[in-house]
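The values are calculated or read from the model by the stated rules, or taken from the named source; none is laboratory data. Predicted model, so just to flag it, every value in this text is computed and none were measured. Cβ sites come from the backbone with ideal geometry, for glycine too, and all protein chains shown count toward neighbours.
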There are 4 protein chains.
Amino acid sequence: MHNNTGRIVGLLIVIVIGFGLHSIAVSENYLPEKWWPSEWGADDQRGALNRLTPAKVMEAAALIRSGTIYDMSRVFEEDMPLFNLTPAARKYTIVVPGGPSWGPLGENRLTWNEDYICGHLSQNGTQIDSLAHMATVLGEPGDLNEIRYYNGISHAEIAGGRGFSKLGTEQISPIFTRGILIDIAGLKGRMLERGEEISVADIDAALQRQDMSQNDIRPGDALFYNTGWGTLWKKDNDKFNSGTPGLSIAAGDWVISEQVVLVGTDNWAVEAIPNPDPKWFAPNHQKFLVENGIFIMENLDFSALLEAEVYEFAFAFGALPLKGATGSPGRPFAIN
Amino acid sequence: MHNNTGRIVGLLIVIVIGFGLHSIAVSENYLPEKWWPSEWGADDQRGALNRLTPAKVMEAAALIRSGTIYDMSRVFEEDMPLFNLTPAARKYTIVVPGGPSWGPLGENRLTWNEDYICGHLSQNGTQIDSLAHMATVLGEPGDLNEIRYYNGISHAEIAGGRGFSKLGTEQISPIFTRGILIDIAGLKGRMLERGEEISVADIDAALQRQDMSQNDIRPGDALFYNTGWGTLWKKDNDKFNSGTPGLSIAAGDWVISEQVVLVGTDNWAVEAIPNPDPKWFAPNHQKFLVENGIFIMENLDFSALLEAEVYEFAFAFGALPLKGATGSPGRPFAIN
Amino acid sequence: MHNNTGRIVGLLIVIVIGFGLHSIAVSENYLPEKWWPSEWGADDQRGALNRLTPAKVMEAAALIRSGTIYDMSRVFEEDMPLFNLTPAARKYTIVVPGGPSWGPLGENRLTWNEDYICGHLSQNGTQIDSLAHMATVLGEPGDLNEIRYYNGISHAEIAGGRGFSKLGTEQISPIFTRGILIDIAGLKGRMLERGEEISVADIDAALQRQDMSQNDIRPGDALFYNTGWGTLWKKDNDKFNSGTPGLSIAAGDWVISEQVVLVGTDNWAVEAIPNPDPKWFAPNHQKFLVENGIFIMENLDFSALLEAEVYEFAFAFGALPLKGATGSPGRPFAIN
Amino acid sequence: MHNNTGRIVGLLIVIVIGFGLHSIAVSENYLPEKWWPSEWGADDQRGALNRLTPAKVMEAAALIRSGTIYDMSRVFEEDMPLFNLTPAARKYTIVVPGGPSWGPLGENRLTWNEDYICGHLSQNGTQIDSLAHMATVLGEPGDLNEIRYYNGISHAEIAGGRGFSKLGTEQISPIFTRGILIDIAGLKGRMLERGEEISVADIDAALQRQDMSQNDIRPGDALFYNTGWGTLWKKDNDKFNSGTPGLSIAAGDWVISEQVVLVGTDNWAVEAIPNPDPKWFAPNHQKFLVENGIFIMENLDFSALLEAEVYEFAFAFGALPLKGATGSPGRPFAIN
C-alpha cells in the first residue's frame, strides 16, 4: 500500500487520535507548520522520554519471567557497514597502542593496554539518535536562526562546534521500559527490499501473526520492527548502505499516535530510502525527532529475539551521556 | 588497618574459603603462581560473566519494587578528569562538523548533524575494563609470549595493533544482575583520602550500618563501594587524578572470595593508589582481571543511590561491544 | 608606544603608502569597510602568494652562500603547548599501534609500523593559517551569508563540515622566497611580556641594530620577528598559552604596507593578546588574513638563526595541501 | 629483465662498488646478515641524511636558474587512495567544527575556524618514511629484542605505544639537495603494470633518453623515478591500491650503491608489489630503510616536472618533526 490512499488513511488516523500530537499533514505545501512548544512545555529537552514513568518500569519488570537476556546490539568493528550515502564516508577506527602500552610496574610486574578510538561513533553501528541529530530548515540557506530542532530550538542557539548546548545525548536518561518487536520480514517471508514501504496494514497483519493487535502497543513502549535488512550486515555492506526498507509516512504517523518513547529497526532509517516519492527525504526521521521528540534506534540485531519468538519483553538501554552529541552508540538488550 | 596483620587475616579468609579461587598469596616472592586454566575451562574468555544465570536475572528483577531508575554514570565531556598518571595524558574530543553537517534535503528541507568523537574512550569516564586491559609480565622484557592475561592467554597470541583477537570488550555480554552498594564514606563520615585503604573490617562495619552483612553478598552480584572520591569530579580534577583510596589487598581477596561478577567504585582504581607498600602497583586490578576474570567498573556516580539510601537493586549495564577493545565507556543504571 | 599617537602615525604611513592596500582605518565605528574585491581579482583565493614570482625565487636563491640550513620548526609532541584560551583545549595525539603493526611477511621477515595521529593539527605547533581560518561577522549572529572571509567570500558559500570548498590550505602553494628576521627581543635585551606591543619605532630600531632599515623589506618577502616568547616553549606552557606579545595595530598596518607574503613569529599571534585596548580581539589576524590575504605563521623556532645572527635568508616552506583546512602544520626552514 | 641474471648482474655491481654499503646478498638463505653498526657509527639515527652537507646545498642552489617551482605533492583529501592491503584500511578524516568554531569576539567581530584531523597521516598521501617504519624479525615471534631496525636498534628498546623513542620522524632534518627524476614510464611509452619490475638496464635507458647516465647520480642526491602508476590517483583508487610497479631487487641494490639520501616514486612502494618472487615481501623497503638508512618517499606527483621535462632540480622538503612517528605527510617541491 504505497499509494496516496494509504497515506490519507494514515493521516485520518492521526487526525482522529489527535491530542498531544505534533504530526504535520503531508501536503504539496510542505514545510511543516510550527511544531512547538512541545506537549511537555516550552523548555523541555527530553521529548518522549517523559513517558517513562515508574509505572512503566514496573510494567517492564513484570515481563521478566524466564531470566533470559537477548543481546540486541551489533559488534563494533572496523569492517562493519559505515554510512556512506554522503560524499564523505563515516569512519570508525580502533588503535591499540604499544606492545603493551605501559609497564611492567611494581614487583607484581603489572602491565596494561589502552585503546584509542575515533570515528563517527554516535552515528555508526547500533545507536540511538539524540534530538540534536536533525532539524528542519525553515528559512533561507545560511540563516541559523531558522534551522529548527525539537521544541523549536534554533541551530544558532545551540550549535558551537564542540557539542550542542541543548538536546545532546546527555539528555537521554537510562531506559527501562516495555519493548515490542513487530516482525515484518516474518510476515512477508522474506527480507524487504530497498525503498520498500511498510504500511499500517502490514503492521496490523504482522501483529496478528504474533497474536497481537494495535491495542497491544501502549504509551511509553519501545517499538521495534524487523525488515530483514539487517541480515546484510557484514554479508553485503554495500547493499546495506545503499538504502533501506521502512515505515511509510502513514505508518510513521501511526507510530506517533501510539505515543511510544522510541522506534528501532534493523537498518539505518525508520523509513524507506530512497522514499518512493522523490520529493521527501527521510520524513519519518523529521517527524519523530524534530516534531515529536520520539527517539530513533538503528542497526539493531533482532536475531536472538526472533529465534526465540519473543515479541514482548523488558527493554534495557543506557545511552552514553556524551555531552552535546547527536547520538550514542549502544548496547541495548531485552529480557523476558 | 594498613599493616601486615590485616593482610594476613585477609589471606587466611581467602585460604579458608578457597575453592574456585585463583587468588595468589602475596609474598616476598611475588610473581603470582600460574593462574590458569580458569575454573570455566582453558578456552574461556568470559570470566566471572559465567556467574550470570537466568536465576540471577530473576533475583535482580525481584528487586524492582518502586519503578525508580538511578543513573550511575558521569556525563562524558571534554573537561571531565582524564587519566594522566602516565606521561601521555588520555584524550577525549568531540567535534560537531559543519553548520549543520548536511542538507537541507527534500522538499521537507531536512538537515542533520553528526559528530566525530576521538579518544581513549574505553578508559575514560564511567567505564568497564575488559580482560584485555591488564596482564602480568612473567618473563623477560620484550618477550610477548610471557606477558600473560586471564586464563594464561599471551600477548603474542592476541595483540595486533587494531584490537585484541581475544578477551576484547565484545566478550562482555549484557549484564542484568543484583547490585550491592557499600557506603564506606558514609561509614567514615568523610571522603577517604589518597592512598587510604579500605579493610575487610571497614566493609563489615559499613554493611552493618546498612543493616547488611557479608552474608548479603552472593555469587554473581555486582559489588560497588563508595569512597567519596567521586565528589572531586569536575570540582578538583587534579586531585581526582592524583591517586585513589580503595580496597586493601586483603579486601580485594575477600571480594574474590565472594565470587562477584564485577567490582565498581567512584574513582579510577579498585585499590589505593599509590599503594601503601611501594612494591605493589595496582595488585587488585591484577588479581581481579588477570587472575580471576572479575570485571572492574570505574568512575561511577553513586549520588542518586546514596541520596535515596538504596544499597540493593537491580543493576543493568550493556558494555559497547567494541571488538578487541580494552574496555568500554558505559551508562550503567540501577533500578528498585 | 602603545598610545593613539603611535597608531595614528602608523595609519598615516599606511595612507601615504597606500596602493594595493586594503587596510581599514581603526576607528570608533569599526567594523571594517568592504574589503573586496581583492587587488588580485574577485575570484582570487591565493592572496599575497601572488607576490611570489620567479624573480622572487631567484632573489632568494642568491642568498644561499654557505649552504647552511636552519630549522625553524618545533617538534610535534604531546607535551608541547596546546592552545587553550577557548574552553575546549586543542588536542594532539599520536598512537603507534601494535607490537609491531603488521608482519612479519615474506622470507625476508619484514615487519612494519604505522601511527595514528589525531588533533587540531593545523592549528597547533609550528603552523601556517590558511585564508579560511578567520572571518569577520558583518551581519546578525546566525547569518552565515554575512560572515565574510578574504575577498568577501561568505561562510554560507564555503563551509560544509568536512573542509571548506574555497580558501583551504590546498591553495597555499610551495613557498621559496626571501626571508627577513627582525629580532625585537634582541633589541630589548629581554623577552617581551604578555600583552606588550611592538611599535613601528621598535621595528626601526631593531632593523638598525641588524644594519638594516625599512628599505630592506621588499614585496614578497616572508617577514619574521622574534619576541622571545618562544623561549617558554615546553618550559612554561601555561604562560606561553596565557597570551602573547606582538605587533601593535600600527605595526600591523606597516607590515601590510610592505606587501609581504607572510608574517611569522615565535608565539601564536601576530599581535599582543590581550590587546591593550579591550575592544579589539586579534585585529592583526583580521587585517592580515581577512582583509589583505597575507598569511600568518606561528610558533616558529628562531633559535638557530639567532645564534648564527642570520637575519636575511632563503626561506623554504611547503604547507601540507590539506583540502579545505584552516591551516597546516609545517617544517619551514631557512638557508643561507 | 626480471630474471636471476639481472639480479646477479645487479649484485655484482653492488659487490664491485662496495664501500660504505650494507646491502645484503639475496640468497636462498635469507635473512640478511647483521647490518649494524651503520657506517655513521653505532649511535647514528640519521642514516643517509648524513650525506647532506653544505656543499650539497650549494650544489642544489646552483640548479635554480629560472625561478620556477614545481609542486610534487598530492592534495590530502578524504577520497584520495588510502592504503588497504592490510585488513584494516587506513583512514583520513578532516572535520571542521561549528558554524564557525568561535566568536565573534571584539568590536572588530572576529570569528575563526579550526579543524580536527585524524588518520594514518604519516603513511597516507605524499609522505616520507622514517627509519622507525620498518624492521626485520630476526628471532622468534614475540621476541621484541630481535625485531631489528636501522643500526640494529631493537623494537624492545624504542617502542612504547605513543611514538618511538628513537628513529622517529623528528630525526628527519630539513632537506635541500639535488634532485634527479628518471622517467621510466616515458621510456616505455606507457604506465608500468602492477608487479612489473624496473631493471638497472631500464634505468640506464631512461637516463640516456634524458641525456643523462649513471654518472649523473651523485652521493646525497634525492632520486625519483616515475612509473606512471600515479596517473591512477583518484581515477582508479582500487587499482592504485592493488599493487605497484617498481624497482627490481637489483635496481634497489644499484640505488644503494649510488649513496642517495632518499628514493621517491609516484606510487606507494619502491618496488614491485606483489614481488615476482613470492617469497619476498617489499625487500627494497627493507634494504633502504632497515639496512642502509636511505629514506623513502611515496605518492609523489611528478606531473609538473614531466610536463616541463625537468629531470634535474633543487629539491626542498621539510618533514613534519612528529616525535616518534613512522613517517610524515609532506609537501615536497622542486625548483629550477
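As a summary of the residue check, A:Trp35 satisfies the conditions (1) assigned to a loop (DSSP other than H, G, I, E, B); (2) at pLDDT below 95 except for the one numbered (2).
Counting only residues that are touching a helix residue (DSSP H, G or I) at 6+ places or on another chain (Cβ under 8 Å) and over 30 Å from C:Gly142 (Cα atoms), the stretch B:84-107 holds 3 of them.
Within the span defined as the stretch C:296-306, every residue fails to be farther than 21 Å from D:Pro174 by Cα, polar (S, T, N, Q) and in contact (Cβ under 8 Å) with a residue 24 or more places away in the chain. Out of all the residues in the stretch B:95-115, is one or more surrounded by 23 or more Cβ atoms within 10 Å (Cβ to Cβ) and within 27 Å of D:Phe164 (Cβ to Cβ)? No: the stretch B:95-115 contains no residue that is surrounded by 23 or more Cβ atoms within 10 Å (Cβ to Cβ) and within 27 Å of D:Phe164 (Cβ to Cβ). Residues considered: C:Ile184, C:Ile158. Of these, the only one that is in contact with a strand residue (DSSP E or B) (Cβ under 9 Å, 6 or more places away or on another chain) and either at pLDDT 95 or above or β-branched (Val, Ile, Thr) (or both) is C:Ile184. In summary, B:Ala316 fulfils each of the numbered conditions (1) under 12 Å from the mean Cα position of the chain (by Cα); (2) within 18 Å of B:Val261 (Cβ to Cβ); (3) facing chain A (nearest Cβ under 7 Å) with the single exception of condition (1).
Conditions tested, residue by residue: (1) under 20 Å from C:Glu309 (Cβ atoms); (2) in contact with a helix residue (DSSP H, G or I) (Cβ under 7 Å, 6 or more places away or on another chain).
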{"residue": "C:Phe164", "(1), (2)": "no, yes"}
{"residue": "C:Gly168", "(1), (2)": "no, no"}
{"residue": "C:Val200", "(1), (2)": "no, yes"}
{"residue": "C:Ser213", "(1), (2)": "yes, yes"}
{"residue": "C:Thr227", "(1), (2)": "yes, yes"}
{"residue": "C:Ala251", "(1), (2)": "no, yes"}
{"residue": "C:Val255", "(1), (2)": "no, no"}
{"residue": "C:Glu258", "(1), (2)": "no, no"}
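If you go through the stretch D:271-281 and keep only what is at the interface with chain C (Cβ under 9 Å from one of its Cβ atoms) and either touching an Asp or Glu at 6+ places or on another chain (Cβ under 6 Å) or not hydrophobic (A, V, I, L, M, F, W, C) (or both), you end up with D:Asn275, D:Pro278, D:Lys279. As a summary of the residue check, D:Gln123 satisfies the conditions (1) polar (S, T, N, Q); (2) buried (at least 24 other Cβ atoms within 10 Å of the Cβ); (3) touching a Leu at 6+ places or on another chain (Cβ under 8 Å) except for the one numbered (3). Within the stretch D:29-56, the set of residues being acidic (Asp, Glu) and over 22 Å from the mean Cα position of the chain (by Cα) comprises D:Glu33, D:Asp43.
Looking at the structure I just gave you, is D:Phe288 closer than 26 Å to C:Lys323 by Cβ and touching a residue at least 12 places away in the same chain (Cβ under 8 Å)? The answer is no for D:Phe288.
Please return the ranges of strands (runs of 3 or more DSSP E) entirely within the stretch D:103-188 where 2 or more residues are within 14 Å of chain A (Cβ to nearest Cβ), more than 30 Å from D:Phe315 (Cβ to Cβ) and free of Cβ contacts under 8 Å to residues at least 24 places away in the same chain.
Numbers: elements: D:110-112, D:116-119, D:127-129, D:134-137, D:175-183.
Output list reads D:110-112.
Considering the stretch A:91-102, and only residues there that are at pLDDT 85 or above and outside any loop (DSSP other than H, G, I, E, B), the residue that is farthest from the other protein chains (Cβ to nearest Cβ) turns out to be A:Tyr92. Scanning the stretch A:312-336 for residues that are crowded, with 24+ Cβ neighbours inside 10 Å, in a loop (DSSP other than H, G, I, E, B) and touching a helix residue (DSSP H, G or I) at 6+ places or on another chain (Cβ under 9 Å) returns A:Ala319, A:Leu320, A:Pro321, A:Gly324, A:Ala325, A:Thr326.
Among the residues of the stretch A:259-301, the ones that are surrounded by fewer than 24 Cβ atoms within 10 Å (Cβ to Cβ) and among the aromatic types (Phe, Trp, Tyr) come to 3 in all.
Whether any residue in the stretch A:261-274 is assigned to a helix (DSSP H, G or I) and at pLDDT 95 or above is what I want to check. Quick ask: steps written out before the conclusion?
Taking the stretch A:261-274 as the starting set, the residues that turn out to be assigned to a helix (DSSP H, G or I) are none.
No, the stretch A:261-274 contains no residue that is assigned to a helix (DSSP H, G or I) and at pLDDT 95 or above.
Let's see how each residue does on (1) surrounded by fewer than 18 Cβ atoms within 10 Å (Cβ to Cβ); (2) modelled with pLDDT under 95; (3) under 17 Å from A:Arg90 (Cα atoms); (4) at the interface with chain C (Cβ under 7 Å from one of its Cβ atoms):
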| position | (1), (2), (3), (4) |
| --- | --- |
| D:Asn50 | yes, no, no, no |
| D:Asp71 | no, no, no, yes |
| D:Pro81 | no, yes, yes, no |
| D:Thr86 | yes, yes, no, yes |
| D:Ala89 | yes, yes, yes, no |
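Please indicate, with yes or no, whether at least one residue in the stretch D:233-245 is within 28 Å of D:Ala60 (Cα to Cα) and surrounded by 21 or more Cβ atoms within 10 Å (Cβ to Cβ). No, the conditions are met nowhere in the stretch D:233-245. Going by the structure shown, is C:Gly161 at positive phi and surrounded by 23 or more Cβ atoms within 10 Å (Cβ to Cβ)? The answer is yes for C:Gly161.
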